[in-house]
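Have a look at the structure below, then the notes.
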Amino acid sequence: MESLKSARPAYDHEKDVELSIADIHTALKIMDKIKPPDLPRPKTEDNKNTPELISWATRVYLFSAFCQFREVLRSTTTLVGANQVPVVFLCCRGLFEVAAHAYYVKEKMVKKIDESDWDAAWSLLLKVNFGSRYHRERAKDIDDQPVYPNSIHINDTLDAFNKYYGEDGKNKQAEEDYEYISEFCHPNSNAFTNHLDWASDLNDSVVKFEKPDPSLMWLALPYAAIACDAFLRSAGDLLKRVGDETLIAAWEEFHEKTSPERPWRTGLFCS
């Protein structure tokens, strides 16, 4: 079966994969040293949105996203070791989504914090902490149920995440990367043909079903590495704005321990 690697532009893919594998293991080791703190909710009067309340809700979001990212990253490393090709793609896409979400929230929240717009900040934090399109739609049919806010749509997060790649997001690279990796997660040819093999002569061909070639995982792992840098940096920047340097310190350690050749070290990516 012809390799699907030809679907991407030519570059030193094997080197990228080698470094990406090192990156995700480095990120997991760093993240495993962090224990998210207990976060008692500050007392408020008359439902007033105070800076203290916004700081608390911001930390709730960031450490929740951190825990989700870390466990999906752990699953990724486990599944790579077990050569579970299809699920590695699903995990890498999940990491990319969380990184894009954190970048979006950071971009929006920094502006609201700078403007001391606590009501707008609270509205956004309600969406990112409790938003659910599923629950919002179904709550309409049940009496005395809370009305959930809508969650942030993936397209909106990707539109913001384009800027992480530089050039003010004009190249739409985040959207392209997400569409590419998603092709291996949907029920379509990129996913299905990984399990097939047949002769080049279609008139004398028998379709055989085989386990996917483990090297196909190499197509997904660079996106997991990108997500590690983007998540730690975005979450770290925002958490620092509310007085907590835990995650920015984790990003700085990750940045120092990754290869100088990586795009976030060379200045290719910026946020």
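Annotations
- Figure legend. Inter-residue proximity from segment 102-114: first residues on the phi < 0 side of the Ramachandran plot, second residues outside any helix (DSSP H, G or I) and modelled with pLDDT of 95 or more, beta-carbon distance below 8 Å, spacing 6+ or different chains. Indicated pairs: I113/V242.
- Residue match in segment 108-130 (condition: within 19 Å of D156 (Cβ to Cβ), aliphatic (A, V, I, L, M), modelled with pLDDT of 95 or more and surrounded by fewer than 22 Cβ atoms within 10 Å (Cβ to Cβ)): yes
- Assessment of segment 197-210 against the conditions (of a type in the set (S, T, N, Q) and either assigned to a loop (DSSP other than H, G, I, E, B) or closer than 30 Å to I113 by Cα (or both)) yields at least one matching residue.
- Condition met for F184 (part of a loop (DSSP other than H, G, I, E, B) and surrounded by 18 or more Cβ atoms within 10 Å (Cβ to Cβ)): yes
- Tally of residues being among the hydrophobic types (A, V, I, L, M, F, W, C) and either surrounded by fewer than 18 Cβ atoms within 10 Å (Cβ to Cβ) or at positive phi (or both) across segment 192-221: 8
- Just one of the listed residues (E256, E261) is surrounded by fewer than 16 Cβ atoms within 10 Å (Cβ to Cβ), in a helix (DSSP H, G or I) and either touching a Gly at 6+ places or on another chain (Cβ under 8 Å) or not β-branched (V, I, T) (or both), namely E256.
- Hits in segment 46-95 (condition: crowded, with 19+ Cβ neighbours inside 10 Å, more than 30 Å from D213 (Cα to Cα) and not basic (K, R)): L53, I54, S55, A57, T58, Y61, L62, F63, A65, F66
- Hits in segment 212-256 - residues which are polar (S, T, N, Q) and in contact with a Ser or Thr (Cβ under 9 Å, 6 or more places away or on another chain): S215, S234
- Long-range neighbours under 8 Å by Cβ, at least six apart or interchain, first residue modelled with pLDDT under 85 within segment 192-218, second of a type in the set (S, T, Y) and assigned to a loop (DSSP other than H, G, I, E, B): W198/S205; A199/S205
- Every condition in (1) of a type in the set (S, T, Y); (2) modelled with pLDDT of 90 or more; (3) touching a Gly at 6+ places or on another chain (Cβ under 8 Å) is met by S151 except one, and the failing one is (2).
The values are calculated or read from the model by the stated rules, or taken from the named source; none is laboratory data. Nothing here was measured: the structure is a model prediction, and the numbers come from that model. Note that we place each Cβ from the backbone using ideal geometry, even for glycine, and neighbour counts take in every protein chain shown.
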